[in-house]
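Remarks on the structure that follows.
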Amino acid sequence: MMKYIILLAIAMVAIASAYIRQAREDDTSTDCPNKCKGRPLELSFVVDGSASIWQENFTYALNFIEDFVDGFDISQSAVRVSLVTFGDVVYTQDAFGFSAFSNKEDLKQAISKIPYRSGLKTNTSGGIWYMLHQQIPQARPGIRRVAVVLTDGNSQEAALTKKAADDARRDGLEVFAIGVGQDVSLQELHNIASDDRHVFVVSTYDMLRDIKDRLKYKACADEPEPSCKMDPVDLSFVIDSSASIGEGNFSIGMSFVRDFVDTFQINPSTVRVSAITFGDKLYLDDAFGFDAYTNKKDLLDRLKSIRWQHGSQTVTGAGIHYMRTVQMPRARPSAAHVCIVITDGESQEYEMTKDEARHAQNAGIVMYAVGVGQVGKQLNEEELLNIAGDQRRVLTANSYAQLNLLKDKLAKKTCEGVVEALSIKAARFRV
């Protein structure tokens, strides 16, 4: 009898653990909202209601706002919300200010009832102007003020939109710009937002949910660990699968990759991952691109299935070439492009590896080299530096068993590269 009780207890623990893991996978938010959800905040939404959106997408936008505010304590002493929609004109009849609602239920109900008016133009500047001059004056003194501008297109008067956003920032507002779709102007989003990390881009309105947690962190003025875990990043792994590694060490190396990936939010709007392995050739059966896996569970399962190929050589340059010419062309223009090369030895084609890494760096790909082994013996320090292009992006471990000691350091350095890459991209779009 005791045996069955013990087995039942073990089964219940396993079921509970699985439930918790799944809950964490389904809701990638952490305790950030708990830290700040009741902290006083004035939160303004400026929402595009023009004809190009269509009723269904406008409903997605409202649902996104409802879900977002649901993470905060709504009251006149904690978080207050204002909202205005715009199209060819500002729909002042549907707008409400900070003092309109003192509880979450009434606020969410009011948001859900806002009508779609299908304006024939995109008067973004008018929406920002109304928020700034009619709603913000009612904000509580000394309380942080955050504005979220949500649009699917380009305003007809870009200069006025920029001026309105400039005025809002000068007034002390922290401004986020969310663009939806393929036609949205990145230049305009960057002109609206406070900085490059306040710009969000999603492909469709139903993908707004992908950025909810990232926006929560930003609105909370808090950073997750690692700090870029929810930023738009297309992350490639180029992984050595040569004979010198051995099956056991390769398995340890892939566990390191999975643990590293597990620290990031995986979805089509934040972090996406590709991989290629190499030895004496490229192992294309194990390769996959950025579009292959849209959630963390499937991605981790795929990484776990990658096999050691015991290649007789180390064609690192070919791996970088494949990443650069086949996988990275599918990367998002607005995302940071990052590549992590993991190897235990020196490549047989030194010049090719050097040239391919230089081409990747020149294409704006932030390169990292993770070397496993003794520098000067198995590892060529000069080649690792050629791959990364910067000594700060070279990391080494004496053995695969010690790789896990690099995880946090690699995550921190990766985020530094992401912030730098996003800043460079943003500078190209600003006027």
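Just a few scattered comments:
- Among the residues making up segment 64-78, those that are hydrophobic (A, V, I, L, M, F, W, C) and either part of a loop (DSSP other than H, G, I, E, B) or closer than 13 Å to LEU43 by Cβ (or both) are ILE65, PHE68, VAL69, PHE72, ILE74, ALA78.
- Residue satisfying all of: in segment 304-313; modelled with pLDDT under 95 and in a loop (DSSP other than H, G, I, E, B); surrounded by the fewest Cβ atoms within 10 Å (Cβ to Cβ) among these: SER312
- Residue, most open to solvent (accessible area, probe 1.4 Å), within segment 110-155, restricted to residues that are in a helix (DSSP H, G or I) and among the aromatic types (Phe, Trp, Tyr): TRP129
- So GLN187, is it touching a Phe, Trp or Tyr at 6+ places or on another chain (Cβ under 6 Å), surrounded by fewer than 24 Cβ atoms within 10 Å (Cβ to Cβ) and among the polar types (S, T, N, Q): yes
- Among the candidates ASP234, ASP222, the residue that is closer than 30 Å to LEU406 by Cα and in a loop (DSSP other than H, G, I, E, B) is uniquely ASP222.
- Answer from THR396, THR414 - the residue that is under 21 Å from ASP195 (Cα atoms), of a type outside the set (Gly, Ala, Ser) and either buried (at least 16 other Cβ atoms within 10 Å of the Cβ) or in contact (Cβ under 8 Å) with a residue 40 or more places away in the chain (or both): THR414
- Residue identified as under 13 Å from the mean Cα position of the chain (by Cα) and of a type in the set (Asp, Glu) among ASP291, ASP231: ASP231
- When residues of segment 170-184 are limited to those that are modelled with pLDDT of 95 or more and surrounded by fewer than 18 Cβ atoms within 10 Å (Cβ to Cβ), the one farthest from ARG144 (Cα to Cα): ARG170
The rows are residues; the columns are (1) in contact with a Phe, Trp or Tyr (Cβ under 9 Å, 6 or more places away or on another chain); (2) charged (D, E, K, R).
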site: GLN134; (1), (2): no, no
site: VAL146; (1), (2): yes, no
site: THR161; (1), (2): no, no
site: GLY172; (1), (2): no, no
site: SER194; (1), (2): yes, no
site: THR204; (1), (2): yes, no
site: ASP213; (1), (2): no, yes
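- Residue match in segment 365-376 (condition: in a helix (DSSP H, G or I) and either surrounded by 22 or more Cβ atoms within 10 Å (Cβ to Cβ) or in contact (Cβ under 8 Å) with a residue 24 or more places away in the chain (or both)): no
- Close contacts from segment 318-343, counting a first residue that is open to solvent by 40 Å² or more (accessible area, probe 1.4 Å) and a second that is part of a loop (DSSP other than H, G, I, E, B) and among the β-branched types (Val, Ile, Thr), with Cβ to Cβ under 9 Å and a gap of 6+ residues or different chains, come to ARG324/ILE365.
- Test: residue in segment 262-275 that is part of a loop (DSSP other than H, G, I, E, B), among the aromatic types (Phe, Trp, Tyr), over 20 Å from LYS412 (Cβ atoms) and touching a strand residue (DSSP E or B) at 6+ places or on another chain (Cβ under 7 Å): no
- Considering residues of segment 217-243 that are of a type in the set (D, E, K, R) and open to solvent by 10 Å² or more (accessible area, probe 1.4 Å) only, the residue nearest to THR314 (Cα to Cα): LYS229
- Condition met for GLN182 (farther than 26 Å from ASP210 by Cα and out of contact with any Asp or Glu (no Cβ under 7 Å at 6 or more places or on another chain)): no
- Test result for PHE260, aromatic (Phe, Trp, Tyr) and within 25 Å of ASP286 (Cα to Cα): yes
The values are calculated or read from the model by the stated rules, or taken from the named source; none is laboratory data. This structure is a prediction, so every number in the text was calculated from the model and none was measured. Here Cβ is always computed from backbone atoms with ideal geometry, including for glycine, and neighbour counts include all displayed protein chains. Just so you know, the surface numbers come from the protein's heavy atoms only, side chains and all, with ligands and any DNA or RNA stripped out. Shrake-Rupley method; radii C 1.70, N 1.55, O 1.52, S 1.80 Å.
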